[in-house]
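First comes the structure, then the notes that go with it.
All of the numbers you see were taken from the coordinates with simple rules; none came from a lab. All figures in this text were calculated on a predicted structure; none of them were measured in a lab. Cβ placement follows ideal geometry from the backbone for every residue including glycine, while neighbour counts extend to all protein chains displayed.
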Amino acid sequence: MSHYVELSNLTKIYDTPKGPAVIVRDFNLTIAKGEFVTLIGHSGCGKSTVLSMLAGLNPISGGGIVLAGRELVGPGPDRGMVFQSPSLLPWLTAYENVMLGVDQVFYTADPEERRDIAEYYLTVVGLGDAMHKKPGELSQGMRQRVGIARAFALKPKMLLLDEPFGMLDSLTRYELQAVLLELWRKNQMTALMVTHDVDEALYLSDRVVCMTNGPEAEVGEIVSVHFPRPRDRKAVMEHPDYYPLRERLIEFLEVHAHRGLSRGEAGGPPGHPGNGSPRPSPKAELLLNPA
Amino acid sequence: MKDSKFKKLDWLILPILGVGAVLILWQVVSASVSKELPNPGKTWAASKAYVVEPFAKRGEMDQGILRFTWYSLVLVAKGYALALLIGTPLGFCLGLSKTFAKTFDPIIQILRPVSPLAWLPLGLVLFLGAGKQASELGALFTIAVCAMWPTVLNTAVGVRAVPQDYLNVARVLKLSRTKTLFKVLIPATLPYMFTGFRLSLGIAWLVIVAAEMLTGRPGVGGFLWQEYNALVYEHIILCIITIGIVGFVLDRLMSVIERRFKTA
Ligand SMILES: Nc1ncnc2c1ncn2[C@@H]1O[C@H](COP(=O)(O)OP(=O)(O)OP(=O)(O)O)[C@@H](O)[C@H]1O
Ligand SMILES: [Mg+2]
């Protein structure tokens, strides 16, 4: 099952007044079952576009997506989504927001079972006491917890996260990263997450996919992160490979920020002063095994 | 010190001063420009019986002012309910379907500015076959057809303004059409709908007076018109004040309800 999710030659073209704009071209990626993959890249390169095509909320212009052996058509509850703003319905309580989906997906279960599912996930994310409050009465971080609970409660085949912690303060962010990681591990979920935060990417994921700059963005480089699981933030940060990996990701982003070159030359970052190790070729996977 | 004391009582003193000024102006006008206009004192003297015994019934067209008001309110309630019943679904259709909106928008824009005075005769003709009921049905028709537009338009705007995020929730969960309507669209549109409801009620109250005048039904408007014909001008003023106060109270009530839905 190493091809649980398969994005092949995924392409997005928007029709703009100035003619067609190719945002993403020939995006290829496979994700194994239970893998946690993060997507990084510059603002506006098309990360959200890729994710929303996976979600089925944005029509695909070319290529295809296969999830668990089936071609994806349109949106569905088999993909749980957590976005930067959790898009809860403000007239429903946290519990009711979760229940809306639970009722829909587990309509064959009896009411107590459904209630238990919603309550369980809300409690796990730390909202045991606040589940009957409306989003307006919850803090930004608590709302995001509801979003996470809602996504997991539906037992989706895969999880799509678009900068879920982008609007939170760092303390809350750390807390929720841990909550997410724990839930992901227990549920053996397959996840694809967009983030701007390199440390977050390294703490959470098995692989980090770096996207080249748009227009016509594609997969630039894939970096494997082999820190042992279950992960502990401190242990991860103290790992000897942490800084080289971090350096590498940041460098990728920097190179692409200052790149005035055509996309054909993307990838191979130039040698970095003070770092003697040879650079791998573009799109090659960097495997760093922890000692 | 003195200043701040005045400031605290602003809300009471200033309106009283305003009313006083208008009363004086009224007195002056009735004494100089228009001798036929009854002055405030005469108006009160002639109206006292209707105000002190607001629910008295001395005859078909001689009843306490609140009794008349009640008749008018009952008719307004019926016509208003009709307006909402027709207007809300119409607004939803306009908001949801571009084709529907394109088809009916021109007609709506043309019908909307038509005065109740123009609709009423048509209403009476429409229900000519109903015999004694004709005047009531005609009045209801007029209220509904005049009062529904703010509801229609605000609902349509509200439906179009439902955030894509909320609709995506429905799409991702694959909610059925009915569930999407009741769980997402209606709650999201509610604040807009209530703005429409409030404006519609104001119009319904405007229309009722005109409808009663033309049909001679008992009510504040009917009473006003009858007293005009009977040359009891004091009662015209009494009716105007009553209509104004009732309209104001209705608007306040609706905005309280509206605000409750806005914060939700
Ligand atoms: N409806 C649209 N029509 C035309 N262009 C669009 C449309 N939606 C998005 N784009 C363009 O697609 C590009 C990618 O947008 P996207 O939101 O995927 O970027 P992103 O990588 O998620 O950025 P960020 O990191 O800031 O969230 C942007 O340049 C944007 O201008
Ligand atoms: Mg984005």
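Points to keep in mind about this one:
- Bridge type composition, the stretch A:124-242 - antiparallel percent by DSSP, nearest 5: 50 percent
- Across all directions, the average flat footprint of the convex hull enclosing the Cα atoms of the stretch B:77-180 is 8.1 nm².
- Paramagnetic reach from residue B:161 in the stretch B:175-204 [backbone N under 18 Å; point 7 Å along Cα→Cβ]: B:184-201
- Principal-axis analysis of the Cα atoms of chain B puts helix B:220-229 at an angle of about 40° to the longest axis.
- q = 0.07, 0.08, 0.11, 0.12 Å⁻¹: log10 I(q)/I(0) that the Debye formula gives for chain B, counting C-alpha atoms only: -0.36, -0.46, -0.78, -0.88
- Pairwise FRET efficiency - residue A:110 versus residue A:133, Cβ, R0 = 22 Å, nearest 0.05: 0.25
- Averaged over B:179-192, number of beta-carbon atoms from partner chains that fall within 10 Å: 2
- Helix-only CD estimate at 222 nm, as mean residue ellipticity for chain A, using -39500 (n - 2.57) per DSSP H run (n ≥ 4): -10000 deg cm²/dmol
- Hydrodynamic radius of the stretch A:39-88 by the Kirkwood approach over all distinct alpha-carbon pairs: 12.1 Å.
- Helix B:233-263 vs. chain B, principal-axis angle (Cα, 0 to 90°, nearest 10): 30 degrees
- DSSP beta bridges fully contained in the protein assembly as shown are about 55 percent antiparallel.
- Sorted by Cβ neighbour density within 10 Å, fewest at the top, the residues A:157, B:183, B:57: B:57, A:157, B:183
- When A:226, B:235 are arranged by Cβ crowding within 10 Å, least crowded first, meaning fewest neighbours, the order is A:226, B:235.
- Coarse-grained scattering of the stretch A:39-148 at q = 0.20, 0.21, 0.23 Å⁻¹, given as base-10 log I(q)/I(0) from a Debye sum over alpha-carbon atoms: -1.09, -1.13, -1.20
- Of the two radii for the protein assembly as shown, the radius of gyration is 1.17 times the Kirkwood radius, both from the alpha carbons; that is the Rg over Rh value.
- Separation of the residue B:255 and residue A:169 label points, Cα + 7 Å toward Cβ, nm: 3.8 nm
- Dividing the C-alpha radius of gyration of chain A by 2.2 N^0.38 Å, with N its residue count, gives 1.03.
- Crossing angle, helix B:10-31 versus chain B [Cα axis fit, 0-90 degrees, rounded to tens]: 50 degrees
- Within a Gaussian network of chain A (alpha carbon springs, distance under 10 Å), most fluctuating of A:50, A:236, A:208: A:236
- Listed by chain and number, the aspartates and glutamates whose alpha-carbon sits under 13 Å from that of residue A:186, ignoring those within fewer than 8 places in the same chain, are A:35.
- Order of B:251, B:105 under a 10 Å beta carbon neighbour criterion, fewest first: B:105, B:251
- Among the residues of B:160-171, the average count of other protein chain beta-carbon atoms within 10 Å of the residue beta-carbon is 4.
- Computed P(r) (all Cα pairs; the stretch B:35-82; 10 Å bins; percent): 25, 36, 28, 10, 1
- Taking 20 Å as the straight-line reach from the Cα of residue B:57, the aspartates and glutamates in range (excluding those fewer than 8 positions away in the same chain) are B:212, B:227, B:234.
- Averaged over A:88-94, number of beta-carbon atoms from partner chains that fall within 10 Å: 4
- Taking 0.36 nm per residue of sequence separation and removing the Cα-Cα distance, the residue B:53/residue B:28 pair yields an extension gain of 6.0 nm.
- Rg to Rh quotient for the stretch A:148-206, alpha carbon positions, Kirkwood Rh: 0.93
- Net length gained if the chain between residue A:186 and residue A:66 were fully extended (0.36 nm per residue, minus Cα distance): 40.8 nm
- Relative intensity of the stretch B:167-264 on a log10 scale, I(q)/I(0) at q = 0.11 Å⁻¹, equals -0.52, per a Debye sum over C-alpha point scatterers of equal strength in the absence of solvent.
- Here the stretch A:97-215 is described by how far its Cα atoms reach on the three principal axes: 48, 30, 28 Å, from widest to narrowest.
- Distance between the modelled labels on residue A:250 and residue B:97, one decimal in nanometres: 5.9 nm (7 Å Cα→Cβ projection).
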